[in-house]
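Asker: Submitted below is the structure of interest, expressed as structure tokens.
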Amino acid sequence: MPMFHTEFNSLRDLFVNQIEDLYDAENRLTKALPKMAEAASSSQLKQAFTSHLRETEGHVSRLERIFAEINIDPKRETCEAMKGLISEGEDMVGAKGDPDVKDAALIAAAQRVEHYEISGYGTARAFARRIGLTQAVNLLQQTLNEEEAADRKLNDIAESSVNVQAQSTAKATTAR
């Protein structure tokens with residue numbers, strides 16, 4: 001149980017809380033993505049995770065620019081949701097079994113993360129727009145665009161190769 005209770009007296013207070021939450025989430029992801037890349041057997045999936053790690057480092061930097069815009073030192077509000085999503089991802093990283101099926105599991109975990117981030121960035125952008133933070137709106141939109149593109153890329157990898165291979169493995173195992 002938290003010792004202190006969050007207090008919101010303005011939309012700006014809520015916006016700051018959301019940015020702190022996203023800042024924590026992105027920092028956690030910079031540690032999780034290399035593990036996911038290493039666990040992937042598909043070279044295409046490894047590359048997607050590695051590429052998204054570089055983008056995620058940029059997301060952290062953008063959030064720091066937003067903190068500067070609102071004259072607040074960057075602070076992390078523990079993102080319990082991301083902690084849970086990363087924990088689920090770690091289960092996939094450590095899973096045993098067929099590498100193709102494991103890749104499909106890694107994509108499933110990564111897409112859950114992307115969907116959470118898409119929601120968070122969309123919400124923060126709406127708050128920034130409402131309180132007149134034009135630069136923050138633009139920075140949040142850039143990140144939102146990258147998160148949506150990452151989700152599409154993962155979906156494309158899943159549909160074009162990983163899920164196909166995972167299904168072939170299942171058919172081969174069933175046929176034995």
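A short reminder: the numbers here are calculations on the coordinates, not readings from a lab. Just so we're clear, the structure is a prediction, and the values are computed from it rather than from any experiment. Cβ: placed from backbone, ideal geometry, glycine included. Neighbour counts: every protein chain shown.
Asker: If you take the charge dipole of region 11-175 about its Cα centre, with +1 on Lys and Arg Cβ and -1 on Asp and Glu Cβ, which of Gly132, Leu33, Asn71 is farthest toward its positive end?
Answerer: Of the listed residues, the answer is Gly132.
Asker: Rounded to the nearest 500 deg cm²/dmol, what is the calculated helix-only ellipticity per residue at 222 nm for the chain, with -39500 (n - 2.57) per DSSP H run of length n ≥ 4? Mind showing how you got there, number by number?
Answerer: Details: 6 runs with 139 residues, N = 176.
For the chain, the value works out to -27500 deg cm²/dmol.
Asker: What's the exposure ranking of Asp98, Asp103, Asp21, Asp73, going from fewest to most Cβ atoms within 10 Å?
Answerer: Values: Asp98 16, Asp103 25, Asp21 20, Asp73 7.
The fewest-first ordering by Cβ neighbours comes to Asp73, Asp98, Asp21, Asp103.
Asker: Roughly how large, in nm² to one decimal, is the mean projection of the convex hull of the alpha-carbon atoms in the chain? Don't skip to the answer; put the middle values down first.
Answerer: On the way: hull surface 44.9 nm².
Dividing the Cα hull surface by four gives the mean projection, 11.2 nm².
Asker: Quantify how much of the Cα-Cα distance distribution of region 43-145 extends past 24 Å, in percent. The partial results should precede the final answer.
Answerer: Working: 1725 of 5253 pairs.
Value for region 43-145 (Cα pairs over 24 Å): 33 percent.
Asker: OK, next. Quick one: angle between helix 163-175 and the longest Cα principal axis of the chain, in degrees between 0 and 90, rounded to 10, please.
Answerer: 40 degrees
Asker: Helix 11-39 versus the longest principal axis of the chain: what is the Cα-based angle in degrees, 0 to 90, to the nearest 10?
Answerer: On a 0 to 90 degree scale, this one is about 30.
Asker: Relative to the first principal axis of the alpha-carbon coordinates of the chain, what is the inclination of helix 99-130, with its axis defined by its Cα atoms, in degrees from 0 to 90 and to the nearest 10?
Answerer: Taking Cα atoms only, the helix is inclined about 20 degrees.
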